[in-house]
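Following: one structure in structure tokens, then a few remarks.
The values are calculated or read from the model by the stated rules, or taken from the named source; none is laboratory data. All values derive from a computational prediction rather than experimental measurement. Cβ placement follows ideal geometry from the backbone for every residue including glycine, while neighbour counts extend to all protein chains displayed. We work out accessible area using only protein heavy atoms, side chains counted, and drop any ligands, DNA or RNA first. Shrake-Rupley method; radii C 1.70, N 1.55, O 1.52, S 1.80 Å.
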Amino acid sequence: FAVSCAVALLAASCGLAAPPSGEALLKTDLLAVFAHPDDETGVAPLIAHYALGEGKVVVPVYCTRGEGGANMVGRQSGVALGILREAELRDCLQRLGVRQWFFLERQDFAYTEDLKATLERWDAEATLERLVRLVRALRPEVVVTMNPAPTPGQHGHHQAAGWLAVEAFDAAADPRRFPDQLSLEGLTVWRPRKLYVGGMGPMATIVVTTNTLPDGRTPALVAGEALANHRSQGFGGMAGSAWLRRPQFLELVKSVVPFVAGETNLFRG
């Protein structure tokens, strides 16, 4: 305590803002919920746009460490591969302007397109409790996640990440859900303002990510350089990828502010 007070006094005497602590250290603008490391690929330009271009605090949450994936750079598999993929993810997210990220510690098991099988294997209620704890601790304004719809080719783990995020949007605001977090852990209920899933529909938000960042680069360029760190998954050639320059499409599916068609900013309203 004495050390933290001394730091704050020194910062004040030098005309500097004291570093955030406590709840302020965790306050999040945009929470993104994914299944595996590298799932941020679809919204990497969006992350760079908000984190580096607008100074937003962006925090990704991953259900697994990707230990069930392939490895194109070494012999690691299983838990060892998860360690490698986390290291790749760290380098990727730091380039995107992300300071912290979290894992729900679920198993990345064999490929499936079955949401029910995934949630059973992950223990849906226990996993939801972990995600709700993060929502209540981080207090995001906006949540972005994967599309939970069972479309052909949609990984069951991706569907589960979306399902969990949609459920957590309401559960985190309900004092009847996981009350021990409130009575024993010092958290309070929290209601995010808006929740988006990947996709294009009537309430789609289209975010252009070819704007210039303060350092002269574009979010699309930053995204390519960042994603190239996922070399174990074959992403080494991502830098400069033309498709990253396309606008980002997200569908607003839950909101406590009025729905408006034709949004261009996730934080509108």
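Using modelled backbone amide H atoms (1.01 Å from N, in-plane), which distant-in-sequence or interchain residues come within less than 5 Å of K254's amide H?
Amide H neighbours of K254: L195.
Give, as a single signed number, the net charge of other residues whose beta carbon lies under 12 Å from the beta carbon of D174, with Lys and Arg counted +1 and Asp and Glu -1.
In short, +2.
How high is the relative contact order of the chain, in percent, with contacts defined as C-alpha pairs under 8 Å that are six or more residues apart?
Relative contact order comes out at 22 percent.
Please work out the ratio of the alpha-carbon Rg of region 52-205 to 2.2 N^0.38 Å and round it to two decimals.
Here the Cα radius of gyration is 1.09 times the empirical estimate.
If each residue of separation counts as 0.36 nm, what is the full-extension length gain between E23 and T188 once their alpha-carbon separation is subtracted?
Stretched out fully, the E23 to T188 stretch lengthens by 58.3 nm.
Considering only the chain, what is the antiparallel percent among its DSSP beta bridges, to the nearest 5?
In the chain, approximately 35 percent of DSSP beta bridges are antiparallel ones.
By the scheme Lys and Arg +1, Asp and Glu -1, what is the net charge of all other residues having a beta-carbon under 10 Å from that of V256?
Charge balance near V256 sits at +4.
Expressed as a fraction of 2.2 N^0.38 Å, the rule-of-thumb size for a compact globular protein of N residues, what is the C-alpha radius of gyration of the chain? Don't skip to the end; give the middle numbers.
Working: Rg = 18.9 Å, N = 269, 2.2 N^0.38 = 18.4 Å.
That ratio works out to 1.03.
Average projected area of the Cα convex hull of region 151-203, in nm²? Spell out each step's value before the answer.
Numbers: hull surface 19.9 nm².
One quarter of the hull surface, i.e. the mean projection, equals 5.0 nm².
How many Å² of accessible area per residue for the chain, probe 1.4 Å?
On a per-residue basis, the chain sits at 46 Å².
Taking K27 as the anchor, which lysines have their alpha carbon closer than 20 Å to its alpha carbon, excluding any fewer than eight residues away along the same chain?
Straight-distance partners of K27: K56, K194.
Given C-alpha coordinates of region 61-143, what is the ratio Rg to Rh with the Kirkwood estimate of Rh?
Ratio value, two decimals: 1.00.
Report, please, the projected area of region 133-269 averaged over directions, based on the convex hull of its C-alpha atoms, in nm². Could you put the intermediate results ahead of the total?
Numbers: hull surface 43.2 nm².
Result: a mean projected hull area of 10.8 nm².
Out of every Cα-Cα pair in region 197-236, what percent are more than 12 Å apart? Please list the in-between numbers first.
Details: 529 of 780 pairs.
So the pairs more than 12 Å apart make up 68 percent of the total in region 197-236.
Carbon and sulfur: what percent of region 15-148's accessible surface (1.4 Å probe)?
53 percent
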